[in-house]
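The values are calculated or read from the model by the stated rules, or taken from the named source; none is laboratory data. Please read these numbers as outputs of a predicted model, since none were measured by experiment. All Cβ positions, even for glycine, are placed from backbone atoms using ideal geometry, and neighbour counts span all protein chains on display. Each accessible area value is taken on the protein alone, full model and side chains, heavy atoms only, with ligands, DNA and RNA left out. Shrake-Rupley method; radii C 1.70, N 1.55, O 1.52, S 1.80 Å.
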Amino acid sequence: MSHTVISTTTTTRTRTAGDGFSLNSGYSRTIPGLLKIGQMLALLIVFLCVHCVRGWPSWAVFQYFEVVSLWFLIALLIFFLMHLFRLQAKMPCINWPLTEFFHYSVGTVLILIASIMAAVKSQGVSALVVATVFGFITTFLMAVSLWTSYSVTCGPHQTGAAV
């Protein structure tokens, strides 16, 4: 009686750049990735609407709105790229979930304040009204991200100990 053994091997490839960074292309399809993409798009619209309007009704309010939207747009882009290229694994000395939680806490409050101030001072200028609406949308998206970040950072953690 003869037996035949068939052996199969499975190989997994990850895309890496020349300097060893792996690309996590699936991150942009996860809920945190989609939230970051939505926040970046909304903040880009806010920044462009405020930046392109001439003759602001209140210079200080819209300058603040522009600075806050640009700052958090850049910060979100950095966090998105950190997750996309898995750079947080290269810097283990930083508590990344806590850092993102702090970012979303501050961002939600500052963008909400900027949006409320812009809503009061927009005086019917259509581009500023659009910027205000997208500011509130960004506030909502950041609050959702804050909530999901809170559940990861401060929520119940399972331990390996048996009860």
**Asked** Non-local amide H neighbours of N24 (under 5 Å, H modeled in plane, Pro and chain starts lacking H): which ones?
**Response** F85, R86
**Spin-label model distance (nm) - S105 vs H51, 7 Å beyond Cα toward Cβ** = 3.0
**Prompt:** By average Cβ neighbour count within 10 Å, what is the ranking of 47-55, 88-96, 107-115 from highest down?
**Reply:** 107-115, 47-55, 88-96
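Any chance you could run the full-extension gain for I113 through I78? It's 0.36 nm times the residue separation minus the Cα-Cα distance, nm to one decimal.
Working: separation 35, 0.36 × 35 = 12.60 nm, distance 2.30 nm.
Extra length available between I113 and I78 comes to 10.3 nm.
Test of understanding: what is the full-extension gain from R86 to Q123, defined as 0.36 nm times their sequence separation minus their Cα-Cα distance? Kindly include the intermediate steps, with their values, before the conclusion.
Numbers: separation 37, 0.36 × 37 = 13.32 nm, distance 4.43 nm.
Going from the current span to full extension adds 8.9 nm.
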**Message:** What are the ³J(HN,Hα) couplings of region 73-87, residue after residue, when phi is run through the Karplus curve with 6.51, -1.76, 1.60 and θ = phi - 60°? Round to Hz, x for glycine and proline.
**Reply:** 5, 5, 4, 5, 4, 5, 4, 5, 5, 4, 6, 5, 9, 6, 6
**Accessible surface, per residue, of region 39-91 when the full set of protein chains is kept, probe 1.4 Å, Å²** = 53
**Item:** region 133-147 - phi-based ³J(HN,Hα) in whole Hz, Karplus 6.51/-1.76/1.60, Gly and Pro as x
**Value:** 4, 5, x, 5, 4, 4, 4, 4, 5, 6, 5, 5, 5, 4, 5
**Fill in**
With a Förster distance of 35 angstrom and the Cβ-Cβ distance between C93 and T30, calculated FRET efficiency to the nearest 0.05 equals 0.90
**Message:** In whole Hz and in residue order, list the ³J(HN,Hα) couplings for region 30-41 that follow from phi through the Karplus curve 6.51 cos²θ - 1.76 cosθ + 1.60, θ = phi - 60°; x for Gly and Pro.
**Reply:** 8, 4, x, x, 5, 5, 5, 4, x, 5, 5, 5
